[in-house]
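K.L.:
Take this structure, written in structure tokens, and hold onto it; I'll ask about it next.
Bear in mind that the values in this text are calculations on the coordinates, not laboratory data. Quick caveat: nothing in here was measured; it's all calculated off a predicted structure. Cβ sites come from the backbone with ideal geometry, for glycine too, and all protein chains shown count toward neighbours.
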Amino acid sequence: MENKTYSRYLRLWHWLNVLVITGLLLTVVLNSTLLHVRENATHIRSDLAQAGAVITPEQARSVAHAISAEVWGVHRYLGYTLFGLLLFRLAAGVIRPATKHPRGKGAKTLYVLVYFWLGVSGFTGLCMAFEDSYSWLQHFPVKRDIHQLSMYVLIVLSMVHLAGVWRAERKDRQGITSDMINGGISTGK
């Protein structure tokens, strides 16, 4: 029986991360553009006025904020999921640290940076999610800025990862993308 280059669990973890991170980024984009509270409040008030309803700017803002808060709720649960995936991966790495496939120094460094920044993002996200429950978290005023910075860093690291995969596909690791989908076959080296 041949061994898979990438285990089923690693592949599942990888693609779940892709889906969760994509969902997280979509919630940020939605709330920053289409569901921006200030702009939506203006649209809500205007549309209701055309329908004959009169509401105050504060009421319109409250409705717009409630819509935005629902999307942030999805973001929060996706964030919990991502942090759980990170903890699972770190625990799996401690339990079964050996890998069957070669990695260059650059790839290893990239993975360490990704795990570090996922941890930073998760920690700051948890701080924001629970700051109403634990008042001491309110004394960490830069958490939102660090959380946003971690998002940008993770986007850059993801692009570096994709560029590295693209490069590896064309040089010495043909089929690496297929292997991450179907597991690949270990060469036994």
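K.L.:
Helices from the chain with mean Kyte-Doolittle at least 0.0 and a Cα length along the axis of 24 Å or more, per DSSP H: which?
P.N.:
Values: long enough: 8-32 (36 Å, 1.07); 57-95 (56 Å, 0.66); 105-129 (36 Å, 1.05); 143-170 (40 Å, 0.35).
Helices passing the filter in the chain: 8-32, 57-95, 105-129, 143-170.
K.L.:
Among residues other than Leu30 whose Cβ falls under 13 Å from its Cβ, what is the net charge (Lys/Arg +1, Asp/Glu -1)?
P.N.:
Overall, the nearby charge balance is -2.
K.L.:
Straight-line reach from Lys143: which aspartates and glutamates have a Cα under 12 Å away, not including same-chain ones fewer than 8 places off?
P.N.:
The reachable aspartates and glutamates, counting only those whose Cα sits under 12 Å from Lys143, are Glu131.
K.L.:
Using just the helices of the chain, give the 222 nm mean residue ellipticity in deg cm²/dmol: DSSP H runs with n ≥ 4 each add -39,500 (n - 2.57), and the total is spread over all residues, rounded to 500.
P.N.:
When only DSSP H runs of four or more count, the value is -25500 deg cm²/dmol.
K.L.:
Right, another one. Need one number: the % of Cα-Cα pairs in the chain sitting beyond the 23 Å mark.
P.N.:
The proportion of pairs with Cα distances above 23 Å equals 56 percent.
K.L.:
Mean-square fluctuation check for the chain, GNM, Cα pairs under 10 Å: which of Trp13, Trp117, Trp136 is largest?
P.N.:
Per the Cα network of the chain with a 10 Å cutoff, Trp136 tops the list.
K.L.:
Kindly state, to the nearest 0.05, the FRET efficiency for Val120 paired with Ala69, given R0 = 35 Å and r defined as their beta-carbon distance.
P.N.:
FRET efficiency, Val120 to Ala69: 0.90.
K.L.:
On to the next question. Out of Thr27, Leu137, Gly84, whose Cα points farthest toward the positive end of the dipole of the stretch 8-182 (charges: +1 Lys, Arg; -1 Asp, Glu; placed on Cβ)?
P.N.:
My answer, from the dipole projection, is Gly84.
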